[in-house]
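**Student:** First the structure, which I've put down as structure tokens, then a few questions once you've had a look.
The values are calculated or read from the model by the stated rules, or taken from the named source; none is laboratory data. Keep in mind that what you see is a predicted model, and the values were worked out from it rather than measured. Every residue, glycine among them, receives a Cβ derived from its backbone with ideal geometry; neighbour counts consider all protein chains shown. These accessible areas exclude ligands, DNA and RNA; they are computed on the full protein's heavy atoms, side chains included. Shrake-Rupley method; radii C 1.70, N 1.55, O 1.52, S 1.80 Å.
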Amino acid sequence: MANRTFVVGVGMTKFEKPGSRDWEYPDMAKEAVGKALEDAGVAYDQIEQAYAGSMYGAMGQRALYETGMTGIPVMTVANACATGSSALFLARQSVRGGLADCVLALGMEKMQKGSLGAGVGKSKVTIIDHHLNSMVAGRPWEMDKAPMPQMFGNAGREHMEKYGSSAEHYAWIGWKNHKHSVNNPYAQFQDEYSLDDVMNAPMIFEPLTKLQCSPTSDGAAAAIVVSERFVDENDLWDQAVEIAGHHIASDTADSFADHSSIQVVGFGCSQRAASKAMDEAGIGIDDVDVIELHDCFSANELITYEALGMASVGEGHKLVDDQATTYGGKWVVNPSGGLISKGHPLGATGIAQCAELTWQLRGKADKRQVADAKVALQHNIGLGSACAVAVYTKPTS
């Protein structure tokens, strides 16, 4: 019988433009973890294990030494853009399996300015080489110097060709997420733009303009994951948010069978992870109120509407037409501003999503608050590939 698992404390730094703040990994970890511990009312020496996520940075141990050195197991996690969610998944697994009662999940990243590359190091085999090869096979897609915008841009183009979505649909998603970020003090950008501004911004890779692409960012986020026993013993029910379902999926052979760019960028992973996480939680997508979704590019948000079951395959753009994914619609997607506007420090992104949804379910999201939010869903994907989907609920003790 698996243990119930709860988030009782979250904290994050403001996400910053790379190089704009003079800090190192231990500094950002100390700030994010300190806020999470304060939020939880938990002392650092109550933490029994820690999972620290970073794609480019320091060992988790070194990053946490400025916070405290208590001799606990500290594991460094790297899993593409799903690194933060993977650290959270492992923390939950420890608690769910009865191995610990109080575990820290940390995500952090310092990044370089400019577009994200295909990999690190000199190896010809990179984290996305298989995906790039599949994308260009059998299709007249050109190979670009910036592979990530190309991959997701081609997925958007494919959707336009097959199903009739338009550049305006993708631009609206960028407009929406920038508008949401105005009320998020943690967001890298808090500027509102008109739809024309988004449409006419510099083209990165058609149909994606600059204001539809997530920026590289520096930042960190942390979450304290605990057992039901820990919640009871420390009287934390008022602030506890239950992780009712959590699953991570990777690719199957079907992801590359027909060289579909939509599949290459993780549609199948997202679909499988979402199905398993919602099944574990005992809910359907129609039960969800608020969603933090991996909008690394606006095309991915629209495609993921379909992968999560919010719309039938080929009909994600109809949610845009109906404005169903903003305040007043059926769901509020990316109230934080999403990756497009909040920023995307790879290791921190998944746990920052957890923080936002925890605040939403507590009713503590200030001007971003989704009215009467009771069920939340988190989607975090990293090509290579890993897709994490978590379901959060307001618990009953």
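**Student:** Filter segment 301-342 down to the residues that are among the β-branched types (Val, Ile, Thr) and assigned to a helix (DSSP H, G or I), then identify the one that is nearest to residue 382 (Cα to Cα). I'd like the intermediate steps shown before the answer.
**Tutor:** First pass over segment 301-342, keeping only residues among the β-branched types (Val, Ile, Thr): 303-304, 313, 320, 325-326, 332-333, 340.
Subset that is assigned to a helix (DSSP H, G or I): 303-304, 320, 340.
Details: 303: 15, 304: 13, 320: 24, 340: 15 Å.
Top of the filtered list is 304.
**Student:** Which of the residues that make up segment 275-312 are out of contact with any strand residue (DSSP E or B) (no Cβ under 9 Å at 6 or more places or on another chain) and surrounded by fewer than 23 Cβ atoms within 10 Å (Cβ to Cβ)?
**Tutor:** Correct list: 284, 286, 306, 309, 311, 312.
**Student:** Of 245, 316, which residue is of a type outside the set (A, V, I, L, M, F, W, C), in contact with a strand residue (DSSP E or B) (Cβ under 6 Å, 6 or more places away or on another chain) and more than 18 Å from residue 150 (Cβ to Cβ)?
**Tutor:** Values: 316 fails: in contact with a strand residue (DSSP E or B) (Cβ under 6 Å, 6 or more places away or on another chain).
Criteria check complete, one pass: 245.
**Student:** Go through segment 85-108 and count every residue that is open to solvent by 10 Å² or more (accessible area, probe 1.4 Å), within 14 Å of residue 224 (Cα to Cα) and among the aliphatic types (A, V, I, L, M).
**Tutor:** Number satisfying all stated conditions: 1.
**Student:** Scan segment 189-243 for residues that are among the hydroxyl-bearing types (Ser, Thr, Tyr) and within 17 Å of the chain's Cα centre (by Cα) and report the count.
**Tutor:** Selection size over segment 189-243: 3.
**Student:** Residue 156: in a helix (DSSP H, G or I) and under 30 Å from residue 10 (Cα atoms), yes or no?
**Tutor:** no
**Student:** Separate question: Go through segment 189-290 and tell me which strands (runs of 3 or more DSSP E), entirely inside it, have 3 or more residues that are of a type outside the set (D, E, K, R) and closer than 23 Å to residue 79 by Cα.
**Tutor:** Details: elements: 203-205, 219-227, 241-249.
Here the list reads 219-227, 241-249.
**Student:** Sort through 95, 125 and tell me the only one that's of a type outside the set (Lys, Arg), at pLDDT below 90 and outside any strand (DSSP E or B).
**Tutor:** Of 95, 125, the one residue that is of a type outside the set (Lys, Arg), at pLDDT below 90 and outside any strand (DSSP E or B) is 125.
**Student:** For residue 367, are the conditions met, namely being within 13 Å of residue 184 (Cβ to Cβ), open to solvent by 10 Å² or more (accessible area, probe 1.4 Å) and either in contact with an Asp or Glu (Cβ under 6 Å, 6 or more places away or on another chain) or outside any loop (DSSP other than H, G, I, E, B) (or both)?
**Tutor:** yes
**Student:** Quick test for you: out of 43, 29, 2, pick the one residue that is of a type in the set (A, V, I, L, M), touching a residue at least 40 places away in the same chain (Cβ under 8 Å) and out of contact with any strand residue (DSSP E or B) (no Cβ under 9 Å at 6 or more places or on another chain).
**Tutor:** After ruling out the rest, the residue left standing is 2.
**Student:** Next up: Just to be sure before I move on: is residue 162 among the charged types (D, E, K, R), surrounded by 22 or more Cβ atoms within 10 Å (Cβ to Cβ), at pLDDT 95 or above and in a helix (DSSP H, G or I) in the structure I sent?
**Tutor:** Judged against the criteria, residue 162 is not a match.
**Student:** Identify, from the list 20, 54, the residue that is under 20 Å from residue 187 (Cβ atoms) and hydroxyl-bearing (Ser, Thr, Tyr).
**Tutor:** Matching residue, one of 20, 54: 20.
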